[in-house]
Every structure is written in structure tokens, then in C-alpha cells.
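This report concerns only the one structure given below.
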Amino acid sequence: MIYFDNSATTRPYKEVLDSFLTVSRNYYGNPSSLHSFGAQAERLLTQAREAIAKLLQVKTSEIYFTSGGTESNNLAIKGAAFRHRNRGKHIITSSVEHPSVRLAMEQLKQAGFEITYLPVDETGRISAIDVEKAIRKDTTLISIMQVNNEVGTIQPIEEIGEMLKRYPTILFHVDAVQGIGKVPLALHEDRIDFCSFSAHKFHGLKGTGILYMRDGARLTPLFSGGNQEGKLRSGTENVAGAVALAKALRMTLTKSEAGIERMKTIQNLLRTELSKNEAIHINTPVENAAPHILNFSVKGSKSEVFIHSLEEKEIFVSTTSACSSKKKSASSTLLAMGVPETIADSAIRISLSYENTEAEALEVIKAIENTVKRLGRVMK
Amino acid sequence: MNYDRILIRYGEISTKGRNRNKFIDKLRKSVRIALTTFPSVKIEASRDRMYVLLNGENAKDIIEKLKHVFGIQSFSPAIKVEKELETLKKMALHLVQSQYNEGQTFKVTAKRSDKTFELNTDEINHTLGGYLLQNIAGIKVDVKNPDINVRVEVRKEAIYLSCETIPGAGGLPMGSSGKAMLMLSGGIDSPVAGYLSMKRGLELEAVHFFSPPFTSERAKEKVVDLSKKLAEIGGGSITLHIVPFTEVQQAIREQVPENYTMTSTRRMMLRIADEIRKNREGLAIITGESLGQVASQTLESMYAINEVTNTPILRPLISMDKNDIIKIAEEIDTLTISNRPFEDCCTIFVPSSPKTKPKREKVNQYESYFDFEPLIQEAVQKVETITIKPGREHSQEFKELF
């Protein structure tokens, strides 16, 4: 089988699973318990936090464990909006965000907040100038994704962060779920207040994630309960998941330099070869694109049909994002980029990990060409 | 621009007389320890300067480490240049170009300790300044508030060029002031007192009183973690003495009226700490006391407690407000550890209304009905001594999991 759907989720590393099992089996104490067995679990959690902080080059106190990207995004956005609602109720975001951001914003809108959705250019990118223009006196939060999950466009986070140094009261949230291990991000230098990560996108386990929150930033928690995670996120800590996440992050970041080069080569190969086919239109931009995503459309064929045809050859790719593909609506990112609906309807996303090979890519290229030919005959 | 060395300026060491070499040796040792992860660096120390020769190691990472070494007043990444005017000009141009952003201002600050050099200070300033003005488009001179200050130090062996001066941690080199025992409870104050003492060059050994089952393993763990932080700050290992205190504490409860138990407890702690100090050849005891903060820290209390020893008791926090102490605890990253909610030797057995003005005669009278000495000796003998190294020693426990 060829797994080319790594933006949906990745295969957990064996070492990550081993850590998870060992901790679950041997150190199942509750970190909040007073006895030494609980203390052991707490030490594990602390060490996981230290290890992650070191890898992300931030302080230990700035790492909070969550259940994943969706929770981190919701916690940062709703938490910050509610915490600062007396100061203002205006939030800025882009029109190509992940549903966990977009729908959190919609929920805030119903609660009386005003949301500005910034448009993107034909490459799916917003501009830092537009962000600045949208800022008002009552703006409290700006939330922008680092890498788009559908086409792979990299947003100008560094520029926005630089610009926001002139607006010290506005909070800056970055959804880095698709970017970690693929596109570098400097949390402190880029003046980021909140940043979301999800472990299963970098060979960790589902149900584990991180919210980075800069020291001094404040949030209203979403969960009421035992005040774990510095009162920010109640609920008994998933110690095994946190340890596994730390390991996955370490393994990913150690491999990232070579891994990114490798993915770039494969991405280039796919782009060059697929571009030769007249029926294929590449949606992922050449500039400012992450190395692991290649989105393309096959003219005149529905994406779902195409996916199932590839599936027969044990090749797994995806329509748009896994999170919205069940709804059968065209990619919202592509529509925001101004791509015609017919092309957006036939979009396919290939997403790579460090584990993919050129040989796999060649096989996939061949399979795609055959499928285009075969479907072309039927669809005509 | 690739710097090839970092020039370190001594703080107060330079005011020392015949002991200066001892101080410099200690500082060299501290720098060496702080830079253990950079095996290629070489350290050269002279009477008034120290140089860290980078030999290809990363200057940025080394700068981060040096910021925390006590005894350094300031330091500058620098390049060594031959004492020849043309080379000097070229290197200065190269250096400024690497730092220069459109529209910035600069000045040249020359110092000439080698008076045989062909140009004097003013001439160096003029020559170099003129050369830079001619060769960098748009750069302007500002002698009051320059963006780039080009420092030129003409010394006997060579000229040193640098563009930035980074403030150091100040204080005196680790261990240059001798050894003292730190009473480490697990609260906010004592680690701060330890930090400030280390900054003045003291080598610390921590003493913690452990009363199982009244205080838990987790309180002890807190103290281990705090010691580790202090070890990281100092760059060397820290010895932690854990005193089994349960029996002494029970004896006090039985012998002394409730409102005097706190006073008596502190006296016993001090006696034990002093015994350990004698064994370890320390010369002082450090506490985190701040005048009037709690009942045991009123002047009357200190007078009653201090009676049991004439060893100097250092109280670096004596005149500080709680908020200022908390601020330092935050900076040195001990606050979150101290805030962990476990009973420790100071919070357990606190009488509901302790004497804020205990009397020496009274406490002596109460203690006279019982001989505490054997219990104290036993506690000293049963002390558990652990060496705590900086870094992630405890992660060895679960190493394979990460």
C-alpha cells in the first residue's frame, strides 16, 4: 500500500507506541495523587513538558497538554475572546482556516463578536498589510494558520508577528497543526501568543496535542474541573499520551532536515510529472508552499470517484481535508483562492511524510495517469 | 561575520589585589563548566580580560551560556586583528557591513593600551570613522546614541574589534567566597536566598528537614528539584543534606508549650544545621528570612532563635518585600516548584497562635526539662546526603521513554 494522506493523519512511530504502552502499563498513577506512585506519574508529565519546551525553544511553563488540534484551537480562540471581551469584541482571521478555527469563530459571532475574514490571493495567501488594515481599536485577537491543510500554502506568520510588535495588546494565535516538522516556526521571535499542535500529524497518537501559551498571556478555560494544566485545562492528564507526544516530536524534529529535503524532491517529482498531463491542474502554489502537500484537480472528474479508483490500487490520497471531505462540498480554500467550482470539485490532495519514497511517487504518478485515461473515457 | 572569540570583562574582580589570580581561576573554572558542551573552545585568561576562543563553535549559543556566569561584568563577541592599519580598516568595514541596516548610525570607540601603535585614540577614531563613512552608503555618525558602536581595543598582542557589549550576570565567581549551608524548606524564599548567595560567590550545601509521615515524599522531591535549579544556575553540583526530623519534632511537641513550639523547632533546626556545617567545613548558614514576614522572622524571634549558635547567619532577603522576592523566584524559575502544594517542614505543626515575641529565658526554660542533644546527634548521624547535578539527571529514570 502507498499511504499519501499524511495531512489527515500519520502512522505512529513504533517507538512512540512503545512509550505509550510502557507508561500506560507501569506508571498509571494520577499525577495529582499525593502518594509517590502519583508523584512518579507527575515526574513523567513534567519531563514530557520539559522535553517539548526544549524542542520548541520555549519555556516549560508555556506548554499545555490538550486532546489535539481542534481543542487547542478552540481553547485559544474562545478562551482569549472571552477573557478579553471587555476590552473588545473584534477578531481577525483568514478565509481559509481549518473548520476548528472557522466554526469556533462562527460560534463567537453568535455570542456577539465581530469577525473579519481576510481574503486570500490566487495562491491562497493573505497579506500582512491586509491584516494590519483590518485592525481596529476593539481588535483583541488575530488567528492565522501557519500552513493551509488543503493546498499547503504557507502564511506570512513572521511578517504578521513583526507587524504585531507595534500592537502589543492584540493576541496572536497560530494554528501550526500542518506546519510542525515541515516549515520552521519561531514562537518567541515571531511574537506568537498561542500556538496549536496535534501529535497525530507527526507520528504521535490521536487524542494528544499541545497549546503553547506565552508566559503572561491569559485565557478563560473551556473546561471546569480539577484545575489541571495550570488551571487552563481540567481533566486527568493523559500522561502516556504526553510522553508519547514528546517522543514523536523529538523523533520528527531530529529527522526534519533530511525529511524536508526528501519531501521536497518527491513533491517536485509529482508536480513536474503531473503537470505534463493536460487534464491535470496543480492547485498548490510553487512559492510559499509547504513541502508535503500537493493539491491538484483532474478536469471533468469528481474527486471522490478518483480517490476510489486509486484506492483499488491500494493508493490512499484524499479529496480535500479529511475533516470536511465527508460533507461532499467543494474545498473552501480553493473557492477562496478563486478557483472555479468545477475545478474545486475535482481536487485531490496528496500529502507526504518523511517515510514516503520516490519509488512510491513514481508508482502513484503512473496510477494517476492511468486513472485519468480510464475515467476520461467513462466521463466523456 | 564570523566572530572568532568572546572578550570577557571582569566585574569586581578587577578591584581585587593579591587575591586576584584566585578569583580569575575560579571564573575560568565557571566559564569552563558553563561551556562543557562546546569542546573546541579555548579559554585564555589574563590579568584584566578573559578570552573565549570559539574555534568554530556557535557564538550565539555560547553567548546565551555566558549571560548566566557569575563574576562577568560584560562581554563582547570580537575578532582578533593584526596590528596593521589596512587590515584593521578592512576588518572593521566587514564587521560593520554585517551588522548594518539601512539608515543606521555608528561611532568608533577606540582604546589604546599599547601606546606604541602608530595612531593614537583620536586618530584611530577619525581614520576608521572616515573609512567606514566612505565605504558604506547611507551610514551616518552619531556619537551620542549610535546603533552600532565599533569598539577597537589596541593591545600589545593584537587589536580586538567588536560591535556589541552584552551585560553579564555580575557578582563574584562561583566558590570564590567560600562555603555555606543553605536552609532549604521548599518555600519561595529559601531558593532565592540561595541564588543571591551564589551570586556573591558562595558555594552552597543545602539542608532540608524531612519529617515523614508528616511531610511527604513529594515535599522532599520539591527540594530536590529546587536544588537542581540552583545547581543549574551555579553550573556545578549541589550537595543536599536531608535531615530526618520526625523524632526531634515529636519531642518538641511533647516538651514545649504550644505557642513556643515554633521557636523551639527553629532553634533545633539551627543547631542541627550548624552541626552539619561543622562536619562539612562551611563558615556560615544562609536562611531565606525576611524581617517581619512571619512569626519566626520578627526581630524578637530571630533574637531567641539565633542564641543557639554564633556561626554567622546570612539573611540575603532580610530587607526585601515579598513581591520582590517573588519576582526573583520567577526569574530564576523556582517559583512554580515552590508553589507546589505540599506540606513542608515550615508549614506543618504550626501552632494556631505562635509567639511573635518569644523570650530567650522562656524558651531556654522550656527546653531545659529535656535533653535534646542525643536526638540532635542522632538526626545528624542519619542525614541522607545526595549530590545533585545540573541538567537532566532524573530523566535517566525514564530515559528510554523519551
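We did not get these values from a lab; they are worked out from the coordinates using the rules stated. Just so it is clear, the structure is predicted and the values come from calculations on it, not from any experiment. As a convention, Cβ positions derive from the backbone with ideal geometry for all residues, glycine included, and neighbour counts pool all protein chains shown.
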*Could you bin all the Cα-Cα distances of chain A into 20 Å bins starting at 0 and give me the percent of pairs in each, rounded to whole numbers?*
29, 55, 16, 0
*asked:* What three numbers, in Å, describe the spread of the alpha carbons of region A:69-190 along their principal axes, ordered from the longest?
replied: 37, 29, 28
*Report the paramagnetic label zone for B:Lys111: residues of region B:55-91 whose backbone N is under 11 Å from a point 7 Å from Cα along the Cα-to-Cβ axis.*
B:74-76
*Expressed as a whole number of Å, what is the distance separating the alpha-carbon centroids of region B:188-250 and region A:272-313?*
62
*Quick one: compute a quarter of the convex hull surface over the Cα atoms of region A:261-355 and quote it in nm².*
6.4
_Could you check the spin-label model distance between A:Glu311 and B:Arg47? Points 7 Å from the Cα along Cα→Cβ, value in nm._
8.4
*For region A:203-286, count the residues as N, evaluate 2.2 N^0.38 Å, and divide the Cα radius of gyration by that value, please.*
1.71
*asked:* Just to be sure I follow: if Rg is taken over the C-alpha atoms of region B:82-164 and Rh is the Kirkwood radius over the same atoms, what is Rg/Rh?
replied: 0.95
*Calculated over region B:178-401: convex hull of Cα atoms, volume per residue (Å³)*: 121
*Compute the projected area of the convex hull of the Cα atoms of region B:1-154, averaged over all viewing directions, and report it in nm² to one decimal place.*
10.0
*Ranked packing of B:325-334, B:194-203, most packed first, by mean Cβ within 10 Å*: B:194-203, B:325-334
*Sort region A:31-109 into rounded, prolate or oblate with this rule: let a ≥ b ≥ c be the square roots of the eigenvalues of the Cα gyration tensor; rounded if a/c is under 1.5, and if a/c is not under 1.5, prolate when a/b is larger than b/c, oblate otherwise.*
prolate
_Förster radius 56 Å - calculated FRET efficiency between A:Glu358 and B:Asp4, Cβ distance, rounded to 0.05_ = 0.85
*Rg (Å, one decimal) plus Dmax (Å, integer) for the alpha carbons of region B:92-238?*
25.1, 77
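Grab the DSSP H runs of chain A that are 4 residues or longer, score each as -39,500 (n - 2.57), total them, divide by all residues and round the 222 nm result to the nearest 500 deg cm²/dmol.
Theoretical 222 nm ellipticity from helices: -13000 deg cm²/dmol.
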_Orientation-averaged projected area, Cα convex hull of chain B (nm²)_ = 24.3
_In region B:229-268, whose amide N lies under 20 Å from the spot 7 Å out along Cα-to-Cβ of B:Gln377? List them in ranges._
B:243-252, B:268
*Calculate how steeply helix B:258-280 sits against the longest principal axis of the alpha-carbon atoms of chain B, using the helix alpha-carbon long axis, and give the answer as 0 to 90 degrees to the nearest 10.*
50
*Which of the residue pairs A:Lys264/B:Lys67; B:Lys29/B:Lys228; B:Lys67/B:Lys156; B:Lys89/B:Lys156 have a Cα-Cα distance greater than 30 Å in the structure shown?*
A:Lys264/B:Lys67
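Which value results when the Cα radius of gyration for region B:176-229 is divided by 2.2 N^0.38 Å? Present the calculation step by step, with values, prior to reporting the outcome.
Details: Rg = 11.8 Å, N = 54, 2.2 N^0.38 = 10.0 Å.
Dividing the Cα Rg of region B:176-229 by 2.2 N^0.38 Å gives 1.18.
When the helices in chain B are scored as -39500 (n - 2.57) per DSSP H run of 4 or longer and the sum is shared across all residues, what 222 nm value do you end up with, to the nearest 500 deg cm²/dmol?
On the way: 13 runs with 154 residues, N = 402.
One gets -12000 deg cm²/dmol as the mean residue ellipticity at 222 nm.
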*Could you sort out which of B:Lys140/B:Lys327; B:Lys16/B:Lys80; B:Lys90/B:Lys115 sit more than 31 Å apart by Cα distance in this structure?*
B:Lys140/B:Lys327
*Beyond 52 Å, what share of the Cα-Cα pairs of the protein assembly as shown remains, rounded to the nearest whole percent?*
29
*Among residues other than B:Asn279 whose Cβ falls under 15 Å from its Cβ, what is the net charge (Lys/Arg +1, Asp/Glu -1)?*
0
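What full-extension length gain, to one decimal in nm, is calculated for A:Asn288 and A:Ser234 as 0.36 nm per residue of separation minus the Cα-Cα distance?
Contour length minus Cα-Cα distance gives 15.6 nm.
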_Across region B:57-99, what fraction of all alpha-carbon pairs, as a whole percent, falls in each successive 10 Å bin from zero upward?_
22, 38, 30, 9
*asked:* Out of all Cα-Cα pairs in region B:1-77, roughly what percent, to the nearest whole number, are more than 19 Å apart?
replied: 28
*Classify region A:165-234 as rounded, prolate or oblate from the Cα gyration tensor: take a ≥ b ≥ c as the square roots of its eigenvalues, call it rounded if a/c is under 1.5, otherwise prolate when a/b beats b/c and oblate if not.*
oblate
_Rounded to 5, percent antiparallel among DSSP beta bridges of the protein assembly as shown_ = 55
